Structures are given as structure tokens and as C-alpha cells.
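Presented below is the structure to which this report refers.
The values are calculated or read from the model by the stated rules, or taken from the named source; none is laboratory data. In this text, all values refer to a predicted model and were calculated from it rather than measured experimentally. Positions of Cβ are generated from backbone atoms using ideal geometry, with glycine treated the same way; all protein chains shown enter the neighbour counts. Remember, those area values only see protein heavy atoms, side chains included, never the ligands or the DNA or RNA. Shrake-Rupley method; radii C 1.70, N 1.55, O 1.52, S 1.80 Å.
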Amino acid sequence: MSQAMMTVVSQTEIAKDIFELRLKGALVNEMGAPDQFLHIRVPGDELLLRRPISIAAIDADKEECVIIYRTEGKGTTIISQLTAGDELDILGPLGNGYPIDMLAAGQNALLIGGGIGVPPLYELAKQLHAKGVNIVSCFGFKNKDEVFYEEEFAAFGKVNIATDDGSYGKHGFVTQYFDELDGFVPDAVFACGPKGLLVAVSKTFDPSLTYLSLEERMACGIGACYGCVCDKKNSTSAYDNYRVCVEGPVFRAEEIVL
Ligand code: FES
């Protein structure tokens, strides 16, 4: 983990209020595991807390990475106004990403994402595909305007989409697809999204094979403030918790209480 400046290569609004930001810098050489995150200082002196945003794609050859985020407040709105050549103060890469070493070519991985939980699954899909792992993706979005990266994921396998209002794909929750996997039996399940989705995933699939990425509000991002704790299964005291920023953001479903 380092603190360094990265340069904006490009920024595009790829869906309603969803931005794809490509950054360049030597920090990319420290990135590896899918779903580590960057802790980004918002330009200007007004906002002190950094914003945690997961890494969606790594291009080591070009020393570039992509982050995808939703504008949800002042900080992310300021970041969304950056253009090519601007610089960002970044701390990272932080956290432990999804493990993939346990999967071999020919095995099956099910990717499940909700909304802004979809981006970190993209680097995961790239790395699994490179290993020869079969991939099926199930993604949920609010509506058609907020759907993104369907084509990009389709390059790696079948993509199932559901929207809350039925304007695209199946109407309702993405969990509807869990019973319709057409004989695709996952050897590992990877999920990222809102808590309700993660609870449904952990109840449906074998918790020892299911990896959940938690979205938590963060302050320090480096384990010092205990502002991001989540409950540990079989914990021995009120202080025996996991810090999402250090021990996570990815946990096996059997390790945590949601
Ligand atoms: Fe401070 Fe995790 S954000 S300990």
C-alpha cells in the first residue's frame, strides 16, 4: 500500500450517475487481487475524508486502472468533474480481494452483483476467464438507465439481468435467477452489492464456497479507526470483530454475520 498521485486518462458517464474513471500511475504495479479498493482524496480543501472506491479493472502493461462509481454526494460529484490530465491523491491498493487460486480451468464461478457492487466483479471475471474458469453472471439494477457493462461481462460468459422496475431484463430481484442456472453448478460464488442481496446469496449457496464483498462506510481505510467493523461468526467478545478495510472487504459467507 502506498500513497501516490495518479493522473486521469479519461472519464465517461457510462450510465445514469455512474462514472468510469481511468487512472494512470506507478501505483498500478501494486494492484493484483480483484476487488481491492482505492482510498481517494477529494480535490480541494473542503472534504477531509477520503472516498473508498473499488478497482474495476487493472491494465498493468499500460500502468492504468479503472474505477467505476456512482455520484452520491459532494465528494463523488467533484471527482466526476475531473478530466484528462487532472491528478488525484490516492492511498492504496487497500484490503484483501477475492481469492481465485482455489479454482482451476473448467470449474464454474457464479458472479452476483447489485448496482454499484458490479464493478469489482469485472476484474474478477477477467482473471477467472484467463484461468479458463466458466463464468455466469447475475446482476440487478434499479432500472434500464442504470445498467452498465453488460457487453463487457458477456465477453466472459452468460449475463442475466434484472431491474427493480422491470424496464430491462427480469422484473424484480436478481435472486430470481438462482433457480434458473440451467445445470450450472458453481464451484465458487462471488457477490458484491447491498446487504439484502448478500443475505440472500449466503442463504442460497454453500457458505464455505461463497465470497461476499461488503460495502461499508470508511474513514481511515487502514484499520485505525474501527469505523467499518462487521460481526464475526463465533466471536468471543464485543471487540472480536473484523475491520472491513483490513480483513475484508471480501469474506467467506461462513465467517461473518450479516
Ligand atoms: Fe478505519 Fe476501517 S475505516 S478501521
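Would you kindly identify the strands (runs of 3 or more DSSP E) lying entirely within the stretch 162-258 that contain at least 3 residues that are within 18 Å of the chain's Cα centre (by Cα)?
188-192, 210-213, 250-252
So which residues in the stretch 157-195 are among the small types (G, A, S) and modelled with pLDDT of 95 or more, if there are any at all?
Once the filter is applied, which keeps residues that are among the small types (G, A, S) and modelled with pLDDT of 95 or more, the stretch 157-195 yields G157, A162, G166, S167, G169, G172, A188, A191, G193.
Six or more apart or on different chains, Cβ under 6 Å: which pairs go from a residue in the stretch 7-30 that's assigned by TED's automatic domain parsing to the domain that holds T77 to one that's open to solvent by 10 Å² or more (accessible area, probe 1.4 Å) and among the β-branched types (V, I, T)? Could you list them?
Close Cβ pairs satisfying both conditions: D17/T71; E20/T12; E20/I14; R22/V9; K24/T7; K24/V9.
So, of the residues in the stretch 238-250 that are open to solvent by less than 50 Å² (accessible area, probe 1.4 Å) and away from the ligand (no atom under 14 Å from the Cβ), which turns out to be modelled with the highest pLDDT?
If we take residues in the stretch 238-250 being open to solvent by less than 50 Å² (accessible area, probe 1.4 Å) and away from the ligand (no atom under 14 Å from the Cβ), then V250 is modelled with the highest pLDDT.
Within the group S54, S80, which residue is in contact with a strand residue (DSSP E or B) (Cβ under 7 Å, 6 or more places away or on another chain), surrounded by fewer than 17 Cβ atoms within 10 Å (Cβ to Cβ) and at pLDDT 95 or above?
S80
Looking at the stretch 223-234, is at least one residue within 16 Å of the ligand (Cβ to nearest atom) and of a type in the set (D, E)?
yes
Kindly indicate the residue of the stretch 41-60 that is among the small types (G, A, S) and without any contact (Cβ under 8 Å) to a residue 40 or more places away in the chain and also nearest to E216 (Cα to Cα) among those meeting that condition.
Looking at the filtered set, the residue picked out is G44.
Quick check, is C192 within 16 Å of the ligand (Cβ to nearest atom) and under 22 Å from R70 (Cβ atoms)?
Taking the combined requirement at face value, the residue does not satisfy it.
Name the single residue that is nearest to C230 (Cα to Cα) among those in the stretch 172-185 being in contact with a strand residue (DSSP E or B) (Cβ under 7 Å, 6 or more places away or on another chain) and open to solvent by less than 30 Å² (accessible area, probe 1.4 Å).
V174
Of everything in the stretch 196-223, what is modelled with pLDDT under 95 and either open to solvent by 60 Å² or more (accessible area, probe 1.4 Å) or acidic (D, E) (or both)? Give them in sequence order.
Correct list: E215, E216, R217, I222.
Among the residues of the stretch 84-119, write down those that are of a type in the set (A, V, I, L, M, F, W, C) and either part of a strand (DSSP E or B) or open to solvent by less than 20 Å² (accessible area, probe 1.4 Å) (or both).
L88, I90, L91, L94, L103, A109, L110, L111, I112, V118
What number of residues in the stretch 65-77 are assigned to a strand (DSSP E or B) and open to solvent by less than 20 Å² (accessible area, probe 1.4 Å)?
Looking only at that region, the number is 5.
Can you find even one residue in the stretch 52-64 that is among the hydroxyl-bearing types (S, T, Y) and more than 21 Å from F148 (Cβ to Cβ)?
no
Which of the residues belonging to the stretch 6-31 are touching a helix residue (DSSP H, G or I) at 6+ places or on another chain (Cβ under 7 Å) and surrounded by fewer than 17 Cβ atoms within 10 Å (Cβ to Cβ)?
Result: K16, single match.
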